[in-house]
Amino acid sequence: MGFRSRLQRRGAGAVLVTIAGLVVQARSTSGLPIQASAVVPSPGAAAPADVSLPAHLDSTVRPAWAKDEIRKIQLELARLGLYRLNVDGILGARTEAGLVEAFGDNTWRTMTAADVLTRVTAARPPAGDKGEHALRLGEMFADGLLDITLGLGFDEAESHRFVARGIEQSLRARSFVVNNPLGIQLYKAAGRAIPANPLGTFWVRRTALTYKPPAGAARQIRVVVRFVSSLDGTRGAEAASAFKEGLVESDATFYGGHGRHGSGPDFDRNFTIELFDGKGALEQFFDDYERLEKYLITEGKPHGRGAWAQFAWRAGNKRVAVHGDNHGNVRLTKGNPHPGEFGALLMYWNLDQAATGVAPVTGKGGELDDRTRAHPERRYRGAVFDGCRATDYEASLRATPGMDKHVTDTFSSTISLYWNDIAATTAAFLDAILGIQSAEAIAKAMDDAQTTTRMAGKGTIKAYGTDDNPIYQ
């Protein structure tokens, strides 16, 4: 999607902003008051001494059970909807994953096969709508902490400021409080890597939910939401880095904002364009690529060139300069998924420049590959991309080691969405995940939150990679 906004009055006091696909209406549809700028909360009170979480258990230990014992256990896991492959007597990755979901952690690794069989035989299938898929809650809650990285992108029309305010109000309404010291200590207690002075605010809810795995003991789960953004665009690189940390290390990540024509999240300003004459004097300045496209169409027509061909001619003759801020871009796709769009061609041309561009973080050998290999203990994660056509990222993510569907579930937008709905979508996601709802229910809740578009409730956000998840019986 693009970077320049066109303002159009709509009704008394309402402003509609169209940003090449992502549209903003400066009136809350969720009942939350909209402010002109976001307020950055204070770090909160000093953390209390008690930040205890369950003891870490080695997730690499593999019990020496006999094949016949494993077969019996697999049969029970299948009955519970936690194992969906052949009963082969092999303690492979998918059987291990089923056991983590059954016990809610890795305690089964220290037990005898007989004891495990007794526990899973006595267990009842998790409650849920038959045929729907659960998130891998055992992996998410094993350490007693649900941590969510919530990233808000940058908008040149500053729509992100009122969205930030709405998100903060949603968090407060759900009993989250800002407490950076406690949030950071909980991260460390759960084994998360965290820089010395992390960007963002840490919203903590100490007793957010009670989790009862089928064969394990009930436990209280604490929740930390790390909210990262760069309101003025100057800390885009830091926000992008924090979001990439979250993609790998957090239980769940949520991004709301521009998708930049399918290239990925962006936490700083886009670009401006200068056109020069043959002597190097400035002819035109653009901060709106749609106006640039119209100009180039007119300019190139006498020469038989369209907008992009005319841009290429100018670039080849050093008569155009593109000034881009790419450090805040989390580039997820290498190739342009929208080659028929001038804005997309310009976006990927800019991202591919040797001096100022940014490499994709996906793919084998990419940054996300390196990060996932550095954290093999993170065996499952969920990611929400609430932007424009976030399904453009799906193939690139799945081609990245550690991001395949067995370890990463995604919830992605299928059409261009509106800034005005991001706060409500965030709230819907939080309510659904804290309510331990199915993947289908989580997607539907976020889909229903798209009240500004006529497509609300018609698949604007869908779940991907969940078909191999535990299934409700």
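Every number here is computed from the coordinates shown, using simple stated rules; none is lab data. The shown structure was predicted, so the numbers you read here are calculated from the model rather than taken from an experiment. Note that each Cβ is placed from the backbone with ideal geometry, even for glycine, and that neighbours are counted across all protein chains shown.
A few comments on the model shown:
- Rough spin-label spacing in nm, given labels placed 7 Å along Cα→Cβ, for Arg454 and Lys67: 6.2
- Calculated FRET efficiency for the pair Ala374/Glu274, C-beta based, R₀ 35 Å, to 0.05: 0.25
- Summing Cβ point charges (Lys, Arg +1; Asp, Glu -1) relative to the Cα centre of segment 50-100 gives a dipole of roughly 280 debye.
- Distance from segment 325-389 to segment 148-218 (C-alpha centre basis), Å: 24
- Around Glu238: net Lys/Arg minus Asp/Glu count, Cβ-Cβ under 14 Å: -2
- Förster radius 30 Å - calculated FRET efficiency between Lys364 and Val87 (Cβ-Cβ, nearest 0.05): 0.35
- Projected-area average for segment 172-329 over all orientations - Cα convex hull basis, square nanometres: 14.2
- Among the listed pairs Lys244/Lys334; Lys294/Lys334; Lys279/Lys318; Lys301/Lys334; Lys67/Lys405, those beyond 20 Å (Cα-Cα): Lys294/Lys334; Lys301/Lys334; Lys67/Lys405
- Over all pairs of different C-alpha atoms, segment 52-162 has a mean inverse distance whose reciprocal, the Kirkwood radius, equals 15.9 Å.
- As a rough guide to protection, the peptides 365-375, 313-323 ranked by mean Cβ packing within 10 Å, highest first, stand as 365-375, 313-323.
- With contacts taken as Cα pairs under 8 Å and at least 6 residues apart, segment 271-351 reaches a relative contact order of 29 percent.
- Dimensions of segment 271-351 along the principal axes, based on C-alpha atoms and rounded to the nearest Å, stand at 37, 25, 21, largest first.
- Taken about its Cα centre, the chain carries a charge dipole of about 400 debye when Lys and Arg each add +1 at the Cβ and Asp and Glu each add -1 at the Cβ.
- Three-way shape call for segment 349-411 based on the alpha-carbon gyration tensor, with the a/c threshold at 1.5: oblate
- Distance between modelled label sites at Gln220 and Ile415, nm, 7 Å Cα→Cβ extension: 4.4
- Most tightly packed first, judged by the mean number of other beta-carbon atoms within 10 Å of their residues, the peptides 284-296, 154-166, 109-121, 436-448 read 154-166, 436-448, 284-296, 109-121.
- In this simple spin-label approximation, His56 and Leu282 carry label points 7 Å from Cα along the Cα→Cβ vector, and these lie 5.4 nm apart.
- Per-selection Rg to Rh, segment 339-473 - Cα, Kirkwood hydrodynamic radius: 1.01
- Tail weight of P(r) past 17 Å, computed on alpha-carbon pairs of segment 142-241, percent: 56
- Dipole magnitude of segment 305-430, debye to nearest 20 (Cβ charges: Lys/Arg +1, Asp/Glu -1, about Cα centre): 420
- Counting Lys and Arg as +1 and Asp and Glu as -1 over every other residue whose Cβ lies under 11 Å from the Cβ of Arg314, the net charge comes to -1.
- Using a Förster distance of 35 Å, the FRET efficiency for Asp232-Thr356 (Cβ separation, nearest 0.05): 0.95
- Peptide packing: for 336-345, 72-81, 142-151, the average count of neighbouring Cβ atoms within 10 Å per residue gives the ranking 142-151, 72-81, 336-345, highest mean first.
- Size of the chain: Rg and Dmax of its alpha carbons, in Å, are 24.1, 84.
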